[in-house]
Amino acid sequence: MKRVLFIADMNDIVKNMNEAMLPFFRVQLCTADEKFIRKMIPIYQPDIVLVFLNQLRLIQVQELKVILDENEKLPVVMVGSMYEFREYGFDDGNIRRLVRPVSNQEVISILCGMLALDYAEYEGALEHREDRRKHILFVDDNPLLLRSMKALVGDKYRVSIAVSASQAFEIMQKDCPQLIFLDYEMPVVNGKMMLQTIRSTPRFAKLPVVFLSGVADKEYIKKILQLKPDDYVLKPAQKERIFDVLKKHLGA
């Protein structure tokens, strides 16, 4: 694998970019510290340098510019705004500049092109990685809850969401999940009815189904458990509880 030295101040965007590159490159994340960068270049011997200018201080950029000038044969991809490129003097030279906003895929495509690699191989590797993740379906008529659940577990699992039973079954027919989180109090076709349909359908009968409910009453919960779901989670669902359920039923 080609080696990428990724110079940036850590934040969620940088973290996501770093993770996106891992299937295709060896990546070394490096803070914009002049002494650290000078040590890392000869030790890591990168094939290319990726720099995110966002949140870097002027002194850091000035020191970085000196280091890059000293290593002029090292290819560099830099992500920033037009203002940052002009302000810091990166509006000319051999540095490949990408203006924000730019997607992870666009950055990786440019890195591949500069390293004479086939970007299609990256896409294939990414698809392969995603296909291997376990598939979870969240069914709830609350779009806000669905978005929060997808954000919570989406890094580790492949997540589908549905706002109704009919939409959920449509997803299940095309791409059967390995676990279903199902809102018990949905309108029209509620959780009880959907669970009965799942259990009576041979293809889906053995799928683990976890009820979600916003009612904390003991008798109500007892009534729900009599339907024999595989588990039960009280809303608002806590992160630890969701991951405990996932570990229990999916083993990871």
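Just a few scattered comments:
- Three principal axis extents describe the C-alpha atoms of the range 133-250; from largest down they are 37, 32, 26 Å.
- The range 25-64 and the range 133-166 have Cα centres separated by 37 Å.
- The angle between the Cα long axis of helix 143-153 and the longest principal axis of the Cα atoms of the chain comes to about 60 degrees, rounded to the nearest 10.
- For the chain, a simple Cβ point-charge model (Lys and Arg +1, Asp and Glu -1, everything else neutral) yields a dipole of about 1080 debye relative to the Cα centre.
- Highest to lowest packing among 27-35, 213-221, 155-163, scored as the average C-beta count within 10 Å: 155-163, 27-35, 213-221
- Using Cβ point charges alone (K and R +1, D and E -1), the dipole size of the range 1-90 about the Cα centre works out to roughly 260 debye.
- Were the residues from residue 69 through residue 221 laid out at 0.36 nm apart, the gain over their Cα-Cα distance would be 48.0 nm.
- For the range 133-250, the dipole from Cβ point charges (+1 on Lys and Arg, -1 on Asp and Glu) about the Cα centre works out to 420 debye, to the nearest 20.
- Normalised by the number of residues in the range 133-250, the mean separation of alpha-carbon contacts (under 8 Å, six or more apart) gives a relative contact order of 22 percent.
- Among 243, 143, 108 - extreme Cα towards positive end, dipole of the chain, charges at beta-carbon: 243
- Here the Kirkwood formula, the inverse mean of 1/r across different C-alpha pairs, assigns the chain a hydrodynamic radius of 21.3 Å.
- The range 1-83 shape via C-alpha gyration tensor axes, a/c threshold 1.5: oblate
No lab work stands behind these numbers, since they all come straight from the coordinates. All of these numbers come straight from a predicted model, not from anything done at the bench. Cβ coordinates were reconstructed from backbone atoms using ideal geometry, including for glycine residues, and neighbour counts include every protein chain displayed.
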